[in-house]
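Report on one structure; see the data block that follows.
Read the figures in this text as sums done on the coordinates, not as results from a lab. The structure presented is a predicted model; accordingly, all values stated were derived computationally and were not measured. Heads up, the Cβs are rebuilt from the backbone with ideal geometry, glycines too, and the neighbour counts pull from every protein chain shown.
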Amino acid sequence: MAIHPTAIIDPSAKIDESVEIGPYSVIDSDVSIGAGTRIANNVRLCRGVVLGSDCVIHSNAVIGDDPQFIGFDTSLKSGVIVGDRSVVRENVTIHRSIYEGENTILGNENYLMVGCHVAHDCELADNVVLTNEALLAGHVTVEKNVYIGGAAVFHQFVRVGEGSMTGGYSAITRDVAPFIMVSGRDEVNGLNLVGLKRRGASRASIKELKELFHSLFHRYGNIREQAAEELENRGDSLSAEGKTFLEFFQSGKRGFCGVDLKSKGDE
């Protein structure tokens, strides 16, 4: 274990022998840090934080501090869980849950770039990238293989579907469906074809997704009802990607990002 002499470590913290901790970092009580993880200088890991193995936490990151929630009872015990092989860059903040015994959760192999904020009770799956200054409000759910552009901001309780991409400086107040690209104010730009090809989606699956995308987004009507109709009509013939895409619309409470048909014309 390589711990700089200026670091402050609570005796109750559980730290693997192979962990490195840099100058002036503070590790609070009930923190757990997995094997091979490296903590840079001036990092704060607050009470109840669990870091997985082989993570890298850069300078001035703060993980597990109190949520920005008016009237929050600071005596409540909650925490943050970060999975294995995740990278948290400089000045990132990740806040703990507002609920007793609950956690803000980040999966494996996530990459949070400089200045990102993950608010209380967010849940990020695996292989999520948040680029510089991206901001997630409370209770945002981000599925796997999602890419979020710089300075994009997300309203509380928004869901971000698997394999989607959000452009920089976007303001997202509605759910982002799987495998699509969004930008601006809740505007859908099309399928994330590059992401689909990188994940190894077959040509047949991509063709099917194009058909489903046009069926749902390029006609007027209730998207949730249209998705349910497609699910019923296609049944067992759906690819895994097609099923994931359609099933996303069967839940959620904030509505869905969509195509501006008035500006684009009916297609």
Subject >> DSSP bridge pairs, the chain: antiparallel proportion in percent, nearest 5 >> reply: 5 percent
Original post:
Looking only at the stretch 126-157, which residues have a backbone nitrogen under 16 Å from a spot 7 Å from the Cα of A171 in the C-beta direction?
Top reply: 135-137, 151-156
Original post:
Based on Cβ point charges of +1 for Lys and Arg and -1 for Asp and Glu, what charge dipole magnitude is obtained for the stretch 2-139 about its Cα centre, in debye rounded to the nearest 20?
Top reply: 240 debye
Original post:
Using only helices, what value at 222 nm comes out for the chain when you add -39,500 (n - 2.57) per DSSP H run of length 4 or more and divide by the total residues, to the nearest 500 deg cm²/dmol?
Top reply: -5000 deg cm²/dmol
**OP:** Kindly write out, for the stretch 42-54 in residue order, the coupling ³J(HN,Hα) from the Karplus curve 6.51 cos²θ - 1.76 cosθ + 1.60 (θ = phi - 60°), rounded to whole Hz, with x marking Gly and Pro.
**Re:** 6, 8, 10, 10, 7, 3, x, 7, 10, 10, x, 8, 6
**OP:** Mind pulling the angle between the C-alpha long axis of helix 223-234 and the longest principal axis of the chain? Nearest 10 degrees, somewhere in 0 to 90.
**Re:** 70 degrees
Subject >> Cβ-derived FRET efficiency at R0 22 Å, R185 paired with Q68, nearest 0.05 >> reply: 0.40
**OP:** Would you calculate the separation in nanometres between label points at D16 and D260, each defined as 7 Å from the Cα along the Cα-to-beta-carbon direction?
**Re:** 4.9 nm
Original post:
Among D186, D236, D65, D121, what is the fewest-to-most ranking by other Cβ atoms within 10 Å?
Top reply: D236, D65, D186, D121
Original post:
What Kirkwood radius, in Å to one decimal, follows from the Cα pairs of the stretch 5-158?
Top reply: 15.0 Å
Subject >> Globularity index of the stretch 129-224, i.e. its alpha-carbon radius of gyration over 2.2 N^0.38 Å >> reply: 1.06
Original post:
Taking the Cα centre of the chain as origin and charging only Cβ (+1 Lys, Arg; -1 Asp, Glu), how large is the dipole, in debye to the nearest 20?
Top reply: 640 debye
Original post:
Hey, what D do you get for the chain in µm²/s if you plug the Kirkwood alpha-carbon radius into Stokes-Einstein at 37 °C and 0.692 mPa s?
Top reply: 168 µm²/s
Original post:
Cα centroids of the stretch 28-65 and the stretch 181-228: how far apart, whole angstrom?
Top reply: 38 Å
